[in-house]
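Taken together, the values in this text are just the output of simple stated rules run on the coordinates, not laboratory data. Treat the numbers as computed from the prediction; the structure is a model and nothing was measured. Because the Cβ atoms are built from the backbone with ideal geometry, glycine has one as well, and the counts that use them run over all protein chains shown.
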Amino acid sequence: MKTGVSYFGVRRPKWVFEDMKEIQSLGFTHVLHTWSEEDELYYRDTMEEIIAGTVELGLKVYVNSWGVGRVFGGEAYSELVARNPSMAQVASDGTPLVAACPNHPAFLTYMHEWIQSVCKTQVETIFWDEPHFHFEKADLNRWACRCKSCCEGFQDRFGYPMPTILTPDVKIFREDSLMDFLSVMTTEVHRLGKRNSVCLLPPWFPAGLDRWERVAEMPFVDEIGSDPYWEKTTPHETVQKNYAEVSIRIQKICNAYGKEAQMWIKNYHIVKGHENDVAESTRLAYEAGVRNIFAWSFRGSEYLSWLRSDDPEKVWKTQCEAFARCK
């Protein structure tokens with residue numbers, strides 16, 4: 001049984017290791033450290049030290065492409081598009097977006113450099129966090145990407161200009177683009193001797209990667225997972241339904257393709273009095289057969305105020321107890 005938790009926001013190794021000791025003492029097997037654009041630019045050697053110290057304490061390490069290019073999930077700021085505006089995704093209405101395009105050569109170059117930096121450390125697994133094309137919850141009809149690279153690629157593939165509406169051909173192109181991107185990235189990570197884990201956005205988000213079996217088919221993807229997090233107002237019954245369905249789907253796909261299944265449990269924005277949703281979602285993932293379960297994030301996200309749960313201490317206690325029951 002693998003149990004893990006994400007960790008971010010602290011870059012002084014002395015204090016990081018105090019938290020790692022707590023995590024290890026509670027029986028966790030893994031920690032996910034985030035590696036943002038800021039880390040790549042300013043904290044590269046510090047991150048190497050943090051990962052080495054974490055491993056020395058007996059924990060295995062995942063590293064997350066946190067918010068990089070806004071192609072991946074996370075609260076980290078991204079400035080890649082500000083530095084190179086030609087890299088930006090373009091919405092269906094022609095508006096440039098804050099996210100980089102996974103089809104743009106400059107973004108691919110940056111990601112190769114990111115991989116080289118991270119894989120020099122003692123990391124076990126590279127965690128590809130929710131790879132997706134940009135979307136906005138407020139307007140799901142506004143999609144991406146129609147940048148120059150995408151329009152040229154679509155024209156070459158289908159023989160006509162890319163439409164401004166999300167046609168079946170556009171959906172195919174978007175999914176193939178993300179698959180090509182992940183293929184290049186996971187192949188490079190495998191060549192450098194590390195594992196690949198791909199976390200897929202839940203099916204109700206228009207991420208552009210709908211056929212999860214295609215990811216499971218990739219030769220250098222070692223595990224796939226998902227994170228069907230809920231909103232503050234989501235009814236308990238819906239939380240249970242979503243976690244059961246997504247856990248079963250992930251486990252079934254992984255069984256079919258010989259991959260390891262992973263599920264993520266929400267430990268942020270937990271409304272006071274609803275902490276049991278944490279325990280129930282953990283139970284449902286375990287009952288579906290998943291034996292690799294992580295929580296986002298450490299101590300109920302108490303130190304990132306935007307994510308902080310109402311009672312982070314209770315959330316953390318609930319999650320630790322839920323993991324103990326699994327074991």
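In the set (1) touching a residue at least 12 places away in the same chain (Cβ under 8 Å); (2) loosely packed, with under 15 Cβ neighbours inside 10 Å; (3) among the charged types (D, E, K, R), residue 266 fails one condition alone, (2).
From 281, 305, which residue is surrounded by fewer than 16 Cβ atoms within 10 Å (Cβ to Cβ), free of Cβ contacts under 8 Å to residues at least 60 places away in the same chain, at negative phi and within 22 Å of the chain's Cα centre (by Cα)?
Sole residue among the options that is surrounded by fewer than 16 Cβ atoms within 10 Å (Cβ to Cβ), free of Cβ contacts under 8 Å to residues at least 60 places away in the same chain, at negative phi and within 22 Å of the chain's Cα centre (by Cα): 305.
Among the residues of segment 91-140, none is identified as more than 17 Å from residue 37 (Cβ to Cβ), of a type in the set (Asp, Glu) and touching a helix residue (DSSP H, G or I) at 6+ places or on another chain (Cβ under 8 Å). Among the candidates 117, 177, the residue that is small (Gly, Ala, Ser) and within 26 Å of residue 294 (Cα to Cα) is uniquely 117. For residue 238, state whether it is surrounded by 15 or more Cβ atoms within 10 Å (Cβ to Cβ) and either on the phi < 0 side of the Ramachandran plot or not aromatic (Phe, Trp, Tyr) (or both). Judged against the criteria, residue 238 is not a match. Residues in segment 111-163 that are of a type in the set (A, V, I, L, M), surrounded by 13 or more Cβ atoms within 10 Å (Cβ to Cβ) and in contact (Cβ under 8 Å) with a residue 24 or more places away in the chain: 111, 115, 118, 123, 126, 144. Candidates are the residues of segment 78-98 that are of a type outside the set (D, E, K, R) and in contact with an Asp or Glu (Cβ under 7 Å, 6 or more places away or on another chain); the one that is farthest from residue 305 (Cα to Cα) is 80.
On the given criteria, is residue 55 within 25 Å of residue 185 (Cβ to Cβ), crowded, with 21+ Cβ neighbours inside 10 Å and of a type in the set (A, V, I, L, M)? Against the criterion (within 25 Å of residue 185 (Cβ to Cβ), crowded, with 21+ Cβ neighbours inside 10 Å and of a type in the set (A, V, I, L, M)), residue 55 does not qualify.
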